[in-house]
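Participant: Below is one structure. I have some questions about it.
Coordinate-derived values only; no laboratory data. None of these values were measured; they are calculated from a predicted model. As a convention, Cβ positions derive from the backbone with ideal geometry for all residues, glycine included, and neighbour counts pool all protein chains shown.
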Amino acid sequence: MDKKELELLIQDIVSQASELKNKHTDQANAHVHYCCIFTQSDEEFEALLGEVSEIGKMLKDTPTGPMFQIELTETIAGSLRILKIRKPDPTRPERGDADFAVSNYPKFKEKYLGQPGFKLIEREDFEMIELMDPDYDVRAYFSNPPVEEQYELK
C-alpha cells in the first residue's frame, strides 16, 4: 500500500464513521480526532506499519498496535493527525473506526448511553462511548477527553 492508498483508506474510514455518527446522533459538526485501521492480516499490518512510519512518528505502542502522530490528513470531518494501526483481531472484523470530539460530552453521554448501538468503555485515564451499527463496516467513538487532548496535541 502506498501513501495515496493509505490516505484514501483513512478518508473512507472517517467518511463511513461520520455517516454512522450522523445517522445516530445530532453531532453532525463533531470533529474527528483519531482514526484506527483494523488490519485484516499480519501482512497488511506490516505493510501499513511501514507506510505510516514514513509519514508520522509513534506516539504510543499499545498492546493492540501503535499510535502515530501523522502529517495532517484532510477528511470529511476535519483534519486528522492521530492514526492507529491495529493488529489483526477477530473481534474487529470492520475496516476501522474514527473518534469524534462532541461539544458537550456529559450531555451527549446522558442522551445516548442506553440507546441501541451505544456502549460505555471506561479506561484508567479516560472513557469513551462506542457506537456500532451492523449496516456499517466501521465503528465510531466519542472520547472524553478527546484523543488529541490526551496526547496534548490540541
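Participant: Be a star and scan segment 1-31 for residues whose amide nitrogen sits under 11 Å from the point 7 Å along the Cα-to-Cβ vector of residue 135.
Facilitator: Counting only backbone N, you get 20, 23-24.
Participant: So, counting K/R as plus one and D/E as minus one, what does the shell of residues with Cβ under 13 Å around residue 102 add up to?
Facilitator: Details: positive: 21, 107, 109, 111; negative: 26, 99, 110, 127, 149.
Neighbourhood net charge equals -1.
Participant: Sticking with the crude label model, points 7 Å out along Cα→Cβ, report the distance from residue 104 to residue 22 in nm, one decimal please.
Facilitator: Calculated label separation equals 2.3 nm.
Participant: So, one more: Please determine, in degrees from 0 to 90 and to the nearest 10, the orientation of helix 42-55 with respect to the longest principal axis defined by the Cα atoms of the chain, where the helix direction is its Cα long axis.
Facilitator: Between the helix axis and the principal axis of the chain, the angle is about 90 degrees.
Participant: Enumerate the calculated ³J(HN,Hα) couplings along segment 113-120 in order (Karplus 6.51 cos²θ - 1.76 cosθ + 1.60, θ = phi - 60°), each rounded to whole Hz, writing x wherever the residue is Gly or Pro.
Facilitator: Result, rounded to whole Hz: 5, x, 7, x, x, 9, 8, 8.
Participant: R0 = 35 Å: FRET efficiency of residue 87 with residue 127, Cβ-based, nearest 0.05? Please list the in-between numbers first.
Facilitator: Numbers: r = 23 Å, r/R0 = 0.66.
Between residue 87 and residue 127 the formula returns 0.90.
Participant: May I pose another question? If packing is taken as the average count of other Cβ atoms within 10 Å, what order do 119-131, 96-108 fall into, highest mean first?
Facilitator: The most tightly packed comes first, giving 96-108, 119-131.
Participant: Taking the structure as given and computing semi-axes √(5λ) of the Cα gyration tensor in Å, which label from (i) 65, 15, 11; (ii) 32, 18, 13; (iii) 24, 16, 15 fits?
Facilitator: From the options (i) 65, 15, 11; (ii) 32, 18, 13; (iii) 24, 16, 15, the structure gives (iii).
Participant: Relative to the longest principal axis of the C-alpha atoms of the chain, give the angle of the C-alpha long axis of helix 3-24, reported between 0 and 90° and rounded to the nearest 10°.
Facilitator: 10 degrees
Participant: What FRET efficiency would be calculated for the residue pair residue 12, residue 57, taking the C-beta separation as r and a Förster radius of 25 Å, to the nearest 0.05?
Facilitator: Once rounded, the FRET efficiency stands at 0.55.
Participant: Would you please give the FRET efficiency between residue 2 and residue 76, computed as 1/(1 + (r/R0)^6) with r the Cβ-Cβ distance and R0 = 30 Å, to the nearest 0.05?
Facilitator: 0.90
Participant: Using packing as a proxy for protection, rank 19-25, 50-56 so that the peptide with the highest average count of other Cβ atoms within 10 Å comes first.
Facilitator: 19-25, 50-56
Participant: May I ask you to derive the relative contact order of the chain, considering only C-alpha pairs under 8 Å and at least 6 residues apart, and to give it as an integer percent?
Facilitator: 27 percent
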